Amino acid sequence: MTPDAEHPLAVAFRDFVRDPAFPCVGAKAALQRGGMRILVARDLASAWDDLRILPELIALAGGWKVDPALFQTLVVIFEGPDDLDEASFETHLWERVQSLTDKDDLWMWNPRDTRVSDDPGDPHFSLSFGGEAFFVVGLHPGASRPARRFARPALVFNLHDQFEQLRSQNRYEPLRSAILARDEALSGSINPMLARHGDNSEARQYSGRAVGNDWQCPYAGRGGGARDAA
């Protein structure tokens, strides 16, 4: 458990996941099996807690390499801002992701997971921390999808390799079908942004905002943010 495990926002998030209507059965499994780590940070729009978040991501990646137990996740809940619209949330999500990526690359000297692409336009794109591929699910109070609507901004980091393991065990498609059916029951429709890895870039799914074919991801790649600032 993280030091923030009993923070009121951490308690609220676990209640959010336990709600019978919440569609993500993978998150429910992570919580039930003790694989959900929760960190409470100050501000999604600030780098203040990046050096608390990144070590947790690196630890999750390292633990996975030693013991690849399914349904592990890191949930980072931010105390604010709590009044973001979907476009603003998306902007700040990518700012945090870029900052964390640059630190993983330039400060920690961790290698990129070469099994995935660093190009957000590539259908095989994923983030990489501690040498392992990750994808992110964003939640916030202003989300249009009920499953993404939590009281504070939150970034849920999941190990990409977990889903490859589920595929190898022929468990991925039943899990995905169950989540889609539950999400449709909750929202009245299936999330139009969802796609299988390799069919379309998962970057389009991170924030939860519905985007068109002309959407340009603001992510500049590993070290890209640091180069742009130089």
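The values are calculated or read from the model by the stated rules, or taken from the named source; none is laboratory data. Keep in mind the model is a prediction, meaning the values are calculated, not measured. All Cβ positions, even for glycine, are placed from backbone atoms using ideal geometry, and neighbour counts span all protein chains on display.
Brief remarks on what is shown
- Residues being more than 20 Å from Glu56 (Cβ to Cβ), touching a helix residue (DSSP H, G or I) at 6+ places or on another chain (Cβ under 9 Å) and not in a helix (DSSP H, G or I) - total across region 1-23: 3
Residue-by-condition table, conditions (1) under 23 Å from Leu70 (Cβ atoms); (2) in contact (Cβ under 8 Å) with a residue 40 or more places away in the chain; (3) of a type in the set (D, E, K, R):
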position	(1), (2), (3)
Ala87	no, yes, no
Leu106	no, yes, no
Val116	yes, yes, no
Asp119	no, yes, yes
Gly130	yes, yes, no
Phe135	yes, yes, no
Pro146	no, yes, no
Asn158	yes, yes, no
Gln162	yes, yes, no
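- Looking across Phe78, Phe71, Phe89, Phe129, one residue alone is of a type in the set (Phe, Trp, Tyr), within 23 Å of Leu175 (Cα to Cα) and crowded, with 19+ Cβ neighbours inside 10 Å. It is Phe71.
- Taken as a whole, the condition of being among the small types (Gly, Ala, Ser) and in contact (Cβ under 8 Å) with a residue 60 or more places away in the chain applies to Gly80.
- Look at (1) surrounded by 12 or more Cβ atoms within 10 Å (Cβ to Cβ); (2) out of contact with any Asp or Glu (no Cβ under 6 Å at 6 or more places or on another chain) and you find that Glu6 fails only one, number (1).
- Taking the criterion of being touching a residue at least 60 places away in the same chain (Cβ under 8 Å) and among the small types (Gly, Ala, Ser), the residues of region 59-77 that qualify are Ala59, Ala61, Gly62.
- Residues in region 83-118 that are touching a Gly at 6+ places or on another chain (Cβ under 9 Å) and hydrophobic (A, V, I, L, M, F, W, C): Leu84, Phe89, Leu93, Leu106, Met108.
- Scanning region 87-134 for residues that are at pLDDT 95 or above and aromatic (Phe, Trp, Tyr), we see that the one that is nearest to the chain's Cα centre (by Cα) is Phe134.
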